[in-house]
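Q: Pasting a structure below so you can have a look.
The values are calculated or read from the model by the stated rules, or taken from the named source; none is laboratory data. Model, not experiment: these values are computed from the prediction. Heads up, the Cβs are rebuilt from the backbone with ideal geometry, glycines too, and the neighbour counts pull from every protein chain shown.
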Amino acid sequence: MKSIPDRLKALKKNIQEYEQCFNRPKNSVKLLAVSKKQSVDSIKLAYESGQHAFGENYLQEAIGKIHHFTEKDISWHFIGKIQSNKTIAIAENFDWVHTIEREKIAFRLNEHRAKMKKVLNVLIQVNISGEESKSGVSLEAFPQMVACVKAFRWLRLRGVMGMPAQYDSFKLQCKSFVPLMDAINLHQPKFDSLSIGTSQDYKAAIAVGSTMVRIGEGLFGPRKN
Ligand SMILES: *Cc1c(COP(=O)(O)O)cnc(C)c1O
């Protein structure tokens, strides 16, 4: 089996190739290493190989790991579902939140970051394919949520996060992102961050305009449950 440093190198090479292939500016696509259910040692290995941005889904698990890192140049992204009683801890431990889908959550995160006097980078999660099992605001509710989040002084709305239905072919994967791209172009073309693409579909995500691909098992190997 390949090592984490080897996989990281290969992933970065792929990302660069896809940037070139799809006429994206060099270094316009960042890698977010999704470290949920991965060990502190694995995260350290990735960090030492130059990976400094990590995504976590489960708050308790994440806090247990984040405390092992005191480096200033590491950033933590919350990419899981948010319960409102967890917002203080999320505000205290994370630099980015990708999964804003309710005004109440935005309100509470803003309140806590106001006390810290520190702006929080946020993305609105959009339920691109309209699947009932998936989180995120609908495409119809998206413009209203943009207006809502923008009004909070201590939240910096950077863009959108999405996870479409899964398809096997590159063509269908690209197509699945189109409604989201249309909504962004219509309502908020000035966003600088688009968090789409996982191990399965990051090539298609880069083709359509992703700026942040969220890759877990493709970097760390299978998750331990
Ligand atoms: C787990 C997860 C990922 C990473 O998925 P992989 O298949 O391991 O690349 C990306 N985004 C979100 C929101 C996740 O929960």
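Q: Could you grab me the full set of residues in the stretch 81-101 that are out of contact with any Ser or Thr (no Cβ under 8 Å at 6 or more places or on another chain), surrounded by 15 or more Cβ atoms within 10 Å (Cβ to Cβ), closer than 16 Å to Ser135 by Cβ and of a type outside the set (Ser, Thr, Tyr)?
A: If the condition is that a residue be out of contact with any Ser or Thr (no Cβ under 8 Å at 6 or more places or on another chain), surrounded by 15 or more Cβ atoms within 10 Å (Cβ to Cβ), closer than 16 Å to Ser135 by Cβ and of a type outside the set (Ser, Thr, Tyr), then Lys86, Ile90, Val97, Ile100 are the ones that fit.
Q: If you go through the stretch 202-222, how many residues are within 16 Å of Leu8 (Cα to Cα) and within 12 Å of the ligand (Cβ to nearest atom)?
A: Within the stretch 202-222, residues that are within 16 Å of Leu8 (Cα to Cα) and within 12 Å of the ligand (Cβ to nearest atom) number 12.
Q: So, one more: I'd like to verify a number: residues in the stretch 29-61 that are over 27 Å from Ala204 (Cβ atoms) and in contact with a helix residue (DSSP H, G or I) (Cβ under 6 Å, 6 or more places away or on another chain), how many?
A: Residues meeting the conditions: 3.
Q: Has the stretch 110-125 got at least one residue that is assigned to a loop (DSSP other than H, G, I, E, B) and at pLDDT below 95?
A: No: zero hits.
Q: So which of Ser199, Ser135, Ser169 is within 27 Å of Ile4 (Cβ to Cβ) and either of a type in the set (Gly, Ala, Ser) or away from the ligand (no atom under 16 Å from the Cβ) (or both)?
A: Residue meeting the stated conditions: Ser199.
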